[in-house]
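Every read-out reported here was derived from the displayed coordinates using simple, explicitly stated rules and does not represent laboratory data. No experiment lies behind these values; they were computed from the predicted model shown. Note that each Cβ is placed from the backbone with ideal geometry, even for glycine, and that neighbours are counted across all protein chains shown.
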Amino acid sequence: MNAACKVTTPNADVIYAMSYLDLRADGPLVVSAPPMVLGMLTDFWQRALTDVGPAGPDQGKGGLYLILPPGYDGPVPAGGYHVVSSPTYNVFLFWRAVLTAGKDGPQTAAGVEIIEKTRVFPLRGRELDRVPMQFPN
């Protein structure tokens with residue numbers, strides 16, 4: 001870690017990924033969390049909505065998290081989702097993936113590969129119809 005890092009208390013042994021999700025613009029969102037990611041979803045005020053990964057309902061196996069905006073009273077698909085209601089329209093997605101040991105020190109490739117399996121898309125429509133996600137460094 002160096003001064004360019006935008007995480008307040010960074011650890012040097014993990015890969016970070018973070019994003020803000022806008023439920024006002026997109027309505028209910030589906031977050032497809034990959035296996036082995038360590039993370040959380042919080043509301044705008046950084047109040048925990050749910051853990052994701054080994055401490056979350058997916059138990060580290062990955063899964064689909066359906067995030068509902070405040071006051072949502074529309075249909076909720078049955079089965080297959082970990083349903084999370086947010087009291088705010090902005091949701092913070094915060095992921096970590098552990099570095100692996102390499103010949104010359106810690107390696108990032110496996111952690112980056114895990115995080116890049118994340119998918120976020122509106123509940124309406126199908127994931128297969130979505131444009132590929134981009135993960136800027």
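Below, the figures for the structure above:
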item	result
Gyration tensor verdict on segment 28-88 (Cα atoms; rounded if a/c is under 1.5, prolate if a/b is larger than b/c, oblate otherwise)	oblate
The chain: calculated mean residue ellipticity at 222 nm from DSSP helix runs of at least 4, using -39500 (n - 2.57)	-1500 deg cm²/dmol
Gyration tensor verdict on segment 56-123 (Cα atoms; rounded if a/c is under 1.5, prolate if a/b is larger than b/c, oblate otherwise)	prolate
Computed FRET value (nearest 0.05) for V112 with A48, which takes r as the C-beta separation and R₀ as 35 Å	0.85
Efficiency of FRET from Cβ geometry, F135 and R24, R₀ 22 Å, rounded to 0.05	0.40
Cβ crowding within 10 Å averaged over residues, with 46-57, 72-83, 29-40 ranked highest first	29-40, 46-57, 72-83
Dipole magnitude (debye, nearest 20) for segment 1-124, charges at Cβ of Lys, Arg, Asp, Glu	60
